[in-house]
1. Report the FRET efficiency, 1/(1 + (r/R0)^6), for C212 and Q321, where r is their Cβ-Cβ distance and R0 is 30 Å, rounded to 0.05.
2. If r is the Cβ-Cβ distance from K279 to Q200 and R0 is 35 Å, what FRET efficiency results, to the nearest 0.05?
3. Between S109 and C36, 0.36 nm times their residue separation minus their Cα-Cα distance comes to what?
4. Long-range amide H contacts for C68: which residues qualify at under 5 Å (H placed 1.01 Å from N, peptide plane, sequence gap of 5 or more or a different chain)?
5. Residues with amide H under 5 Å of K247's amide H, sequence separation 5 or more or different chain, H placed in the peptide plane at 1.01 Å from N; which?
6. Through the Karplus equation 6.51 cos²θ - 1.76 cosθ + 1.60, θ set to phi - 60°, convert the phi angles of segment 325-340 into ³J(HN,Hα) values in whole Hz; use x for Gly and Pro.
7. Just the Cα atoms of segment 217-338: what Rg and Dmax do they give in Å?
8. Hey, can you grab everything whose amide H is under 5 Å from the amide H of L347? Only 5+ residues off in sequence or another chain; H modelled, so Pro and N-termini drop out.
Amino acid sequence: MGNSYSKEEVVVAQNGSQVESYNTQQSMLLVAIATCLAMITTYVVWKSCRNHAKDRLRKQELNVLDECCHHSGAPVFHDAYKGWSCCNKKSVDFTEFLNIKGCTLSKHSNVKPPEPEKKQLDKELDKKAVIEVRAPILGPQLPRPPFDSPLVTVEAHIADSLKNVVQLTPQKSVADSDGTVAIGTCCKNGGCNTAYEGPQTNDSICTYHPGCPVFHEGLKFWSCCQKRTTDFNTFLSQPGCTTGSHKWFKDSTPAGTVKCRWDWHQTPDFVIVSVYAKKYNPTTSYVKLNPIRLNTKLVFHEDDNAVFELDLELRGVIDVQKSSASMLGTKVEIKLKKAEPGAWSKLDFPRTEPKKQTVHSVQLDERDDLVDLSSVEAVTPINKLNLTG
């Protein structure tokens, strides 16, 4: 025989199981709410922490609200390196620098770490005397010969590349321009790449660089705005700093002359002068020297025998016999041997033509010398006349 239960007992048993299930579900819900609150509190505490480079992964591993893995030092940026002063971990990539794990464990803090003290500028710096230290420049020891001393033609070394270019370059015929701008002509202003598409192009604004390009120690920039870069394409794409009208023709130069850029530098024993030019004729061009003078002439047959001439009175004395010249495809390099040791403060002495003084001459009338004075009687003073008879 099985056990028999009354209806009342069955109802009570069912209600009891339902109450137990309800209590279990309520307990699970409370546990879930408590877990969510703990996670929210963890995020809020971590988010408000002001420590340097707090580590999120480390925080989840510890799962402790009171501990923070961070950098106690200050960020350091020097010579393209990025790192922390506390652990000496460096990187050249900024993302890797941000991901460097902390080296110190402490409590979270919502107080911003103190910034490193900045060096205070000396307000009286402008009033203090500036002491400029330079390498000693020895004064001239050797006597300077006259500027008009005989010049010696230097036998220049001619590169094969220059010979080939000159042989293949036809002589350009000079034709007068009628002022018509061809379609597709680029603006001649520096930094403006606008092409001529018709008369309507003249109404557009030309944004250009009025200065000249400068290339110095690997840097490329315009002399007018001083935006420097090491990449040549970035230099070419720099927007202009001045607005104006387009220029479709190059500035005309005097007939028979060519403008060439030149520069110089020195070593302890030599002074090197470089004249940058292409397609000049090496057979008709020359370099002439005397102890204090440099005379260079380049002839361009392609431009109807136009010339570039450089005539300088050198700052120091040179040894002509030990000096040399090289004619390359892109420049003429003149190597001047110093006759005495020492650094040159400048390459040359500025030469100015003396002003012609206008002499006003007084023209005397030469006719006075032709008058015959023999027939003129002398006048006797009245106080010396004899009136007694």
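1. 0.25
2. 0.45
3. So the extension gain works out to 24.0 nm.
4. HN-HN under 5 Å from C68: S106, K107, H108.
5. Those lying under 5 Å, H to H, from K247 are K188, N189.
6. Those phi angles translate into 9, 9, 9, 9, x, 10, 6, 10, 10, 10, 9, 9, 7, 5, 7, 9 Hz.
7. Cα only, segment 217-338: 17.8, 52 Å (Rg, Dmax).
8. For L347, whose amide H was placed from the backbone, there are no distant partners under 5 Å.
Bear in mind these aren't lab numbers, they're just calculated from the coordinates by the rules spelled out. Just so it is clear, the model here is predicted, and its values are computed rather than measured. Don't worry about glycine lacking a Cβ; one is built from the backbone with ideal geometry, like all the others, and counts go over all protein chains shown.
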